[in-house]
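To start, the structure under review is shown below, and the notes come after it.
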Amino acid sequence: MQAGQKKLSLNKIKPLIKLGVTLGLLALLYRRIDVPKFAGRLGEIRWSWVGVFWLILLVNTAISTVKWRALLRADGIRLSYRTLFSSQLIGSFFNMFLPSTIGGDAYRIVDVSQRSARTANTVASVIADRLSGFLALALYGLILFPVFRSRYNPDPRLFLLPATAFAGLMVVVLALWEQALLRRIAGWLPQRFRAKLEKPLDALLASMRVYGSQPRVMLTMALISFMFQFFAILAVYSISRAAGLAIPLLPFGFFVPFITLMEMIPISIFGIGLRDVGYVWFMHSVAHSSDDAAAMSLLYVAATVIYVSLGGLLYLAKRESSSGAA
């Protein structure tokens, strides 16, 4: 009973800790911001570039749905593209508005599991989807850092994040493929947990084997993951143009993956604060100010909120439809 109460208390305090970290980082970064200059940036937003940003997000939702559908189909789970696109869009809404960055993934798993009755296999598809995306991010950072460094001379320690992320992700991929280590870890669990975990783990690992045994699926994952991250870089570039910043595309090739990897660290709400730290480093590397970083970060969050609100409206429509059918 006490352990349950402690876990409940910890779950309640986590969002407060994240909020504190978020506000602390923002205060530390922008305590000396030039408010008139910052307001001037926001007052000169180029809405055509914001429209480009929204279009790119829509394209990325569409192509990521193609990748997820390919993974599910490889494992014998056949759902319509429309259903999966809807699930992706609603998942992006929950990613934005839930304290955890995996809230959208949880929604996707529940949504597809209710339709397929194959929860473990659905979990495997979402894990493979996420892993392939993170690997593409880390590779962009690794490949483009030398080019970025030769022109802008950033702190070489920035290379550590994509390098560490890539190494860690490769360990996870190898563990999922070889599987012996995961089964050994599962064997260390108490019997009551091990008995419950055995069948889902077998199903999840079997799905990973299915993906790896089909070159076409692996190629689809790789190509779409690199396309997705390239469009993500273009999306942030379009936000910089919307904010009136004349920064070349090249530095975004390293810094967007770098900042996205930073956002994955689960110590703030939706990466706010951490994202701002990344943008401040970025702006200083390309001879811009913290005011520009603040304008770009705020515009990015605001434009993203508007886009993912489509997912929220879709979720409400589905709820209303379900209630009406009942």
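The values are calculated or read from the model by the stated rules, or taken from the named source; none is laboratory data. Not measured: the values here are computed from a predicted model. All Cβ positions, glycine included, derive from the backbone under ideal geometry; neighbour counts span all protein chains shown.
State yes or no: is L84 modelled with pLDDT of 95 or more and either farther than 19 Å from L313 by Cβ or not in a helix (DSSP H, G or I) (or both)? When the stated conditions are applied, L84 does not pass them.
Select the helices (runs of 4 or more DSSP H) contained entirely in segment 205-298, then report the ones holding at least 2 residues which are touching a Phe, Trp or Tyr at 6+ places or on another chain (Cβ under 6 Å) and modelled with pLDDT of 85 or more. Talk me through it step by step, then tell me what you get.
Values: elements: 215-242, 250-263, 274-285.
So the answer is 215-242, 250-263.
Take S48 and tell me if it is of a type in the set (G, A, S) and surrounded by fewer than 21 Cβ atoms within 10 Å (Cβ to Cβ). Taking the combined requirement at face value, the residue satisfies it. Of all residues in segment 115-147, those that are more than 14 Å from R69 (Cα to Cα), in a helix (DSSP H, G or I), more than 18 Å from the chain's Cα centre (by Cα) and of a type in the set (G, A, S) total 1.
Quick check on segment 88-114: of everything there that is over 15 Å from the mean Cα position of the chain (by Cα) and surrounded by 16 or more Cβ atoms within 10 Å (Cβ to Cβ), which residue is nearest to L250 (Cα to Cα)? Of everything passing the filter in segment 88-114, I109 is nearest to L250 (Cα to Cα). In this entry, V277 passes the filter for residues that are over 16 Å from the mean Cα position of the chain (by Cα) and not small (G, A, S).
Any residue in segment 309-316 that is among the polar types (S, T, N, Q), out of contact with any strand residue (DSSP E or B) (no Cβ under 9 Å at 6 or more places or on another chain), surrounded by fewer than 23 Cβ atoms within 10 Å (Cβ to Cβ) and in contact (Cβ under 8 Å) with a residue 40 or more places away in the chain? Break it down stepwise before answering.
Quick first cut of segment 309-316, residues among the polar types (S, T, N, Q) only: 309.
Next, from what is left, pick out any that are out of contact with any strand residue (DSSP E or B) (no Cβ under 9 Å at 6 or more places or on another chain): 309.
From what's left, surrounded by fewer than 23 Cβ atoms within 10 Å (Cβ to Cβ): 309.
When the remaining residues are screened for being in contact (Cβ under 8 Å) with a residue 40 or more places away in the chain, the result is 309.
Checking segment 309-316: at least one residue is among the polar types (S, T, N, Q), out of contact with any strand residue (DSSP E or B) (no Cβ under 9 Å at 6 or more places or on another chain), surrounded by fewer than 23 Cβ atoms within 10 Å (Cβ to Cβ) and in contact (Cβ under 8 Å) with a residue 40 or more places away in the chain.
One residue alone among A128, A120, A62 is over 25 Å from L274 (Cα atoms), modelled with pLDDT of 95 or more and surrounded by fewer than 22 Cβ atoms within 10 Å (Cβ to Cβ), and that residue is A62.
Being in a helix (DSSP H, G or I) and closer than 22 Å to Q229 by Cα is not true of A195. Of the residues making up segment 152-183, just one is over 26 Å from D129 (Cβ atoms), hydrophobic (A, V, I, L, M, F, W, C) and modelled with pLDDT under 85, namely L158.
Scanning segment 53-112 for residues that are of a type in the set (F, W, Y) and without any contact (Cβ under 8 Å) to a residue 24 or more places away in the chain yields a count of 2.
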